[in-house]
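The values are calculated or read from the model by the stated rules, or taken from the named source; none is laboratory data. These numbers were taken from a predicted model, which means no experiment stands behind them. We place every Cβ from the backbone using ideal geometry, glycine too, and count neighbours over all the protein chains shown. These area figures cover heavy atoms from the full protein model, side chains too; ligands, DNA and RNA do not enter into them. Shrake-Rupley method; radii C 1.70, N 1.55, O 1.52, S 1.80 Å.
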Amino acid sequence: MKERRRSKVLISDHHSRSDSMAADRSKGVVRDEFVTYAYILLYIALSSGQIFFNKWVLSSKEINFPYPLGLTLLHMIFSSVLCFLLTKVLKIFKVEEGMTLEIYVTSVIPIGAMFAMTLWLGNTAYLYISVSFAQMLKAIMPVAVFVLGVAAGLEMMSCRMLLIMSIISFGVLVASYGELNINWIGVVYQMGGVVGEALRLIFMEILVKRKGIKLNPISLMYYVSPCSAVCLFLPWIFLEKSKMEGNSTWDFHFVVLTLNSLCTFALNLSVFLVISHTSALTIRVAGVVKDWVVVLVSALLFADTKLTVINLFGYAIAIAGVAAYNNHKLKKEASPRVTTETPGDDSESIALVSQANTER
């Protein structure tokens, strides 16, 4: 009888421990899901907010700072200093090794130059066109990346990709046709920024695939930000320095501009957090959601934004094409990882951090 009671007690203890472990696992899953969704919402909020923040700084009468080159230069200087403090002084993050002078000159400097070009032209476009229309024009990005990738030998032309590119282009054309107050100067600046970003992605892919260098976002910003700052400083001297000196009405709003630069840096870190907790598919879907948030919210915030049915219809077509492109790229990226995990998260991080960097 005693042995039976003892066995019943042991079985009861075993069941209670199993139930406790199952409850702990369930709580852990719920906690992880909550953290993941929190990071995704943080990314969408920061990415969308940074676009509106830049538009407000560049266009508002309260700040009176219509200098896109100066603003972008400030972002890169702030990012360079902060990356140095985080990696070399405080040593919170580690800069990954493998960088050589030859790779720096042939790859990092071109990436930095294209990054500077993208941010400069993209921010300048906000002086001429609405945020929503600029976001619609950005949907043409996969087309530019694919065309330049084919030219560089990184992509293969196929009927499926040609169809996807045609759908995206048609959608952007329809959205542009529906724009009521189109300013071609702004369109040229925005498309120049799109080309610059496409070239930057190509240089990054060459850096990863052909030279074998894999960098996390902090390492990437550590190397690229100073190059971009130098590339922006030279045109700033010739194009905006004299204007800023001759214009006595503008003030350097230290708190606002510092907060704007900090938000830019936080955006890059949020991308790193999302990638580390989810996948490429998740952040790309989040990017599409963010695009729609920006387009719709800008119609409420800015007087220069007037959405038409044609606008939204064309943008929906373009986004459908972008979704098909992302799906195709994800399948292509996943195929070589069936037997190996070598090309994994680092190269994925480089490609994805560029999305956050250009959302300005």
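Here are some notes:
- Simple label model, 7 Å out from Cα along Cβ direction - VAL289 to LEU90, nm: 2.9
- Nitroxide proxy distance, nm - points 7 Å out along Cα→Cβ at LEU173 and GLU102: 4.5
- Remark: accessible surface ordering of TRP184, TRP56 (largest first) is TRP184, TRP56, probe radius 1.4 Å.
- In this calculation the C-beta distance from VAL81 to ALA316 is compared with R0 = 45 Å, giving a FRET efficiency of 0.60.
- For GLU102, the accessible surface of its heavy atoms amounts to roughly 110 Å² (probe 1.4 Å, protein chains only, rounded to the nearest 10).
- Extension gain (nm, one decimal) between ASN64 and THR36, 0.36 nm per residue minus Cα-Cα: 6.3 nm
- Derived scalar couplings between HN and Hα for region 48-59 equal 5, x, 5, 4, 5, 4, 4, 4, 5, 4, 7, 10 Hz in order, rounded to whole Hz, by the Karplus curve 6.51 cos²θ - 1.76 cosθ + 1.60 (θ = phi - 60°), x for Gly and Pro.
- Rolled with a 1.4 Å probe across the full set of protein chains, the surface gives LYS243 an accessible area near 120 Å².
- Protein-only accessible surface at a 1.4 angstrom probe places the residues SER80, SER166 in the order SER166, SER80, largest first.
- Which listed pairs, of LYS138/LYS332; LYS55/LYS243; LYS138/LYS290; LYS94/LYS214; LYS138/LYS214, have C-alpha distances above 18 Å, in listed order: LYS138/LYS332; LYS55/LYS243; LYS138/LYS214
- 14 Å reach of a label modelled at ASP251, 7 Å along Cα-to-Cβ, counting backbone N of region 48-84: 61-65
- Solvent-accessible surface (1.4 Å probe) assigned to TYR325 amounts to roughly 20 Å².
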